[in-house]
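Working notes, structure below.
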Amino acid sequence: MAKAPGLFDVEERLQRLSDIGDQLEAFAAVVDFEMFRADLLAALGYSDGAKGGRPPFDPVMMFKVLVVQAQNNLSDDRAEFLINDRLSFMRFLGLGLGDKVPDAKTIWAFRERLTRAGAIEALFARFDRAVRDAGYIPMSGQIVDASLVSAPRQRNSEAEKLAIKAGRVPDGWADKPEKLRQKDRDARWTLVYGKARLREDGTKHADIAIPVFGYKSHAGIDRRHGFIRTWEVTDASRHDGRMLRRGLLDKSNTASTVWADSAYRSKANEAY
């Protein structure tokens, strides 16, 4: 039977995480995240709270959530679970065991608001400059990968779907601003394929295709330090391999080796 937790058990566990190397603690040590506050507030356009309503989560803490997501290739749902589960994530975000954790929809809405303001790229570029200025020069090659980020599914007619794919606002939506705000016109559908597995009798299961609606988070991480160096969000239908030649590689890395899965393998990418 597990013993009752002691008064200093959490502190001792956090110290143990520090001793064996908490990468997020290294981020906190080399980057002053408060420098992002003014840019975040300008991009988010939060009200002053005079009209009441539930106050939003601290924008700096929410930006740290995006860093955690990109660093670990987490979907919104998985990020919500692991922030609740991991002490290292809580410490990095400045959350205690009794604090409220942002849920998946809140994370999605925060990222969506920054994306619509065109602020994501500049924020992560500034984040990377801070890491470089602290002496963490990218070297020893890089790792590129993409993860799916689910978005709330839309219930649209076929005509509305065609209009969205064509880049138009469906008929009647512009006259209903409340409805328009609730509609995600940037996310797209994609299929995730599960590999066929052998049954006990030696025959194979059929491959499984699972539809997912949302976005893709593309990240480039330098292999030595494990820091994010490049990052971009696209709709979920974007092919991973095509992003390699669209700024995902960090040309300042001192080694030319790139680790990536088979989605990135093509003659064009090999030549690049």
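The values are calculated or read from the model by the stated rules, or taken from the named source; none is laboratory data. Remember, it's a predicted structure, so these values are computed and weren't measured experimentally. Reconstructed Cβ throughout: ideal geometry from the backbone, glycine too, with neighbour counts over all protein chains shown. To get the accessible areas, we keep the full protein, side chains included, count just its heavy atoms, and leave off ligands, DNA and RNA. Shrake-Rupley method; radii C 1.70, N 1.55, O 1.52, S 1.80 Å.
Miscellaneous remarks
- Spans of strands (runs of 3 or more DSSP E) in region 172-272 with at least 2 residues at pLDDT below 85 and open to solvent by less than 70 Å² (accessible area, probe 1.4 Å): 188-194, 228-235
- Of all residues in region 102-133, those being at pLDDT 90 or above, of a type in the set (Val, Ile, Thr) and surrounded by fewer than 19 Cβ atoms within 10 Å (Cβ to Cβ) number 1.
Every residue, every condition in (1) under 24 Å from the mean Cα position of the chain (by Cα); (2) over 30 Å from Tyr272 (Cα atoms); (3) not aromatic (Phe, Trp, Tyr), yes or no:
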{"site": "Pro152", "(1), (2), (3)": "yes, yes, yes"}
{"site": "Asp171", "(1), (2), (3)": "no, yes, yes"}
{"site": "Ala187", "(1), (2), (3)": "yes, no, yes"}
{"site": "Asp201", "(1), (2), (3)": "no, yes, yes"}
{"site": "Asp207", "(1), (2), (3)": "no, yes, yes"}
{"site": "Phe213", "(1), (2), (3)": "yes, yes, no"}
{"site": "Gly226", "(1), (2), (3)": "yes, no, yes"}
{"site": "Asp235", "(1), (2), (3)": "yes, no, yes"}
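- Per-region count, region 139-159, residues in a strand (DSSP E or B) and either touching a Ser or Thr at 6+ places or on another chain (Cβ under 7 Å) or free of Cβ contacts under 8 Å to residues at least 60 places away in the same chain (or both): 5
- A Cβ distance below 8 Å, combined with a sequence gap of six or more or placement on separate chains, defines the contacts here; from region 246-257, residues that are under 10 Å from Pro138 (Cβ atoms) reach residues that are open to solvent by less than 40 Å² (accessible area, probe 1.4 Å) and assigned to a loop (DSSP other than H, G, I, E, B) in the pairs Asp250/Pro138; Ser252/Pro138; Asn253/Pro138; Asn253/Gly141; Thr254/Pro138; Ala255/Gly141.
- The single residue among Glu112, Glu80, Glu121 that is of a type outside the set (A, V, I, L, M) and over 22 Å from Arg246 (Cα atoms) turns out to be Glu80.
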